[in-house]
1. For THR173, work out the one condition from (1) at pLDDT 90 or above; (2) surrounded by fewer than 21 Cβ atoms within 10 Å (Cβ to Cβ); (3) part of a helix (DSSP H, G or I) it doesn't fulfil.
2. Conditions: (1) buried (at least 21 other Cβ atoms within 10 Å of the Cβ); (2) within 19 Å of THR428 (Cβ to Cβ); (3) at pLDDT 75 or above; (4) not acidic (Asp, Glu). ALA371 meets all but one. Number of the miss?
3. Determine whether region 231-254 contains at least one residue that is assigned to a helix (DSSP H, G or I), closer than 18 Å to ALA216 by Cβ and out of contact with any Cys (no Cβ under 9 Å at 6 or more places or on another chain).
4. Starting from region 31-53, take each residue that is assigned by TED's automatic domain parsing to the domain that holds PHE166 and farther than 18 Å from ARG187 by Cα and list its partners that are part of a helix (DSSP H, G or I) and acidic (Asp, Glu), counting only C-beta distances under 6 angstrom and pairs at least six apart or across chains.
5. Which condition breaks for THR294 when tested against (1) among the polar types (S, T, N, Q); (2) surrounded by 14 or more Cβ atoms within 10 Å (Cβ to Cβ); (3) at pLDDT below 90?
6. So which residues in region 376-408 are among the small types (Gly, Ala, Ser), modelled with pLDDT under 80 and at negative phi?
7. Select, from LEU295, LEU274, the only residue that is aliphatic (A, V, I, L, M) and not in a helix (DSSP H, G or I).
8. How do the strands (runs of 3 or more DSSP E) wholly within region 77-156 filter down when requiring 2 or more residues that are within 28 Å of ALA184 (Cα to Cα) and at pLDDT below 90: which remain?
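The values are calculated or read from the model by the stated rules, or taken from the named source; none is laboratory data. Predicted model, so just to flag it, every value in this text is computed and none were measured. Quick reminder, even Gly has a Cβ in these numbers, built from the backbone with ideal geometry, and neighbours come from all protein chains shown.
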Amino acid sequence: MERASESGRGRRSATPAVAGVRGLALAAHRLDRAEKISELIEATAALAHDLLGAQAISVSRIEQDTCRTLSVCPPPPGGVTIGSATGPMRVTIRSADRPALSTLIRDHSSWVAHAPDGSGADWGDPDECDALRASGHVTGLASPIIVNGHVWGQILATRDVGQPLFEIDDVATAEVVAALTAGALARVDLDEQVRHLVADDPLTGLGNRRVADHAAEIALMSDLEMCVVMCDVDGLKRVNDEFGHDAGDDLLRAVGDVLRRAQDLLPGTTAARLGGDEFCLVTIGLPRDEVKRTLVRTIRKYPLANGAALSWGVASTADGRPDHARTLFRRADAAQYQAKRRRARAVRAEASSASASAVTVEKLIAAGVGAILNAQSGVVPRLCALAAAATGAMGGAAWSVLRDAEDGGVVAVARGGLPSDDPGQIRTLAVSSDPWLVELESTAPEESTTRFADALLLLLDLAVQGAS
């Protein structure tokens, strides 16, 4: 650093009048007002530009030994790419390609480099001098931003021809700005973690009821059409009972993923988990029909596991703008329960229709063989396909594929369908082929149970042996 001091001797300081203790105090106040990391980074770039009297400042994030530019002051004109392919302001560089960056990360130390002309009077890291010259700058300075003992990023300053070379006082100023930035980053990061704990559902990562209520109240104050979609998970209790609460948590996370995908397709939408198996979407500026179409496509594209399903209903301000957003939530909830009842009636009607039709061994064999041949490779997909097809052919609705466990019991591998609401007409038929067990519902006459069991056992053997 002695050379950096000597290089500036006898030159006019480029640091403006806002430098010194007063300038740093103003910088601290300005950084303290930032509420988001993006705001903080932009404020850091502007302050370093003023306090260092630099031609250009870049603030970068350093992760996995890679330095990525986040903000440049002044911004490049017309949104063009920052810097040149080799210049110090380039968007991304690797520490393996720049020894000075590697040293900054390893030693938490600043560096200065000068390339004032082509006479060989360079000083500092040769790669940084070459980069300065290639981009038209003559002097460069970088200081690390250290948060919680680790290098979070760096501040890079450059000056052009006609400006003084950076000296030790400039290094000290840059390091103070970096330290102020580091303190503000720690504060903002803590604030964001607190907001995350207060506003986000920890299981799904979606917003919580407070977020949904706030989004709805804001949307209701606008003149745009607003929709509330209420969603309920069908089958969560069954999944918890049969597969355990870990599977139930996985199901809720899957629902969160489906709604997050729908949110991404509906600009301005807020997705939230209200509690238990209740979820919602709050949209603004989108017609109800578009919201419905998007939900239908998304739910169809990403079906839920273990026979679970999503019932949902929509309420829109197109039907009248209420005084309170809670009214829309109640309307959507009523629509969701209507959808749930329609789903249950459809399942019962399908089971009844299958029961009314002639259930024959020939029909069972044809359905089972076709399902096995068209199934994906592997014993589990073939058994699931067989169980689903055989259940439909025999007038049932629900089925299970199980496997022998080491403790002598059985474990469920997969389940499908919805249990019948009229168990009096339903019998359970079970066949096994070590170590596999298939259980399915049937409305076939009781006196023909043995014939159907024999046919199903042949199909089970075909599925298992064919897979192996």
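1. (2) is the only condition that THR173 fails.
2. Condition (2) is where ALA371 drops out.
3. no
4. LEU52/ASP170
5. That leaves (3) as the condition not met.
6. Result: GLY396, ALA397.
7. LEU274
8. So the answer is 92-94.
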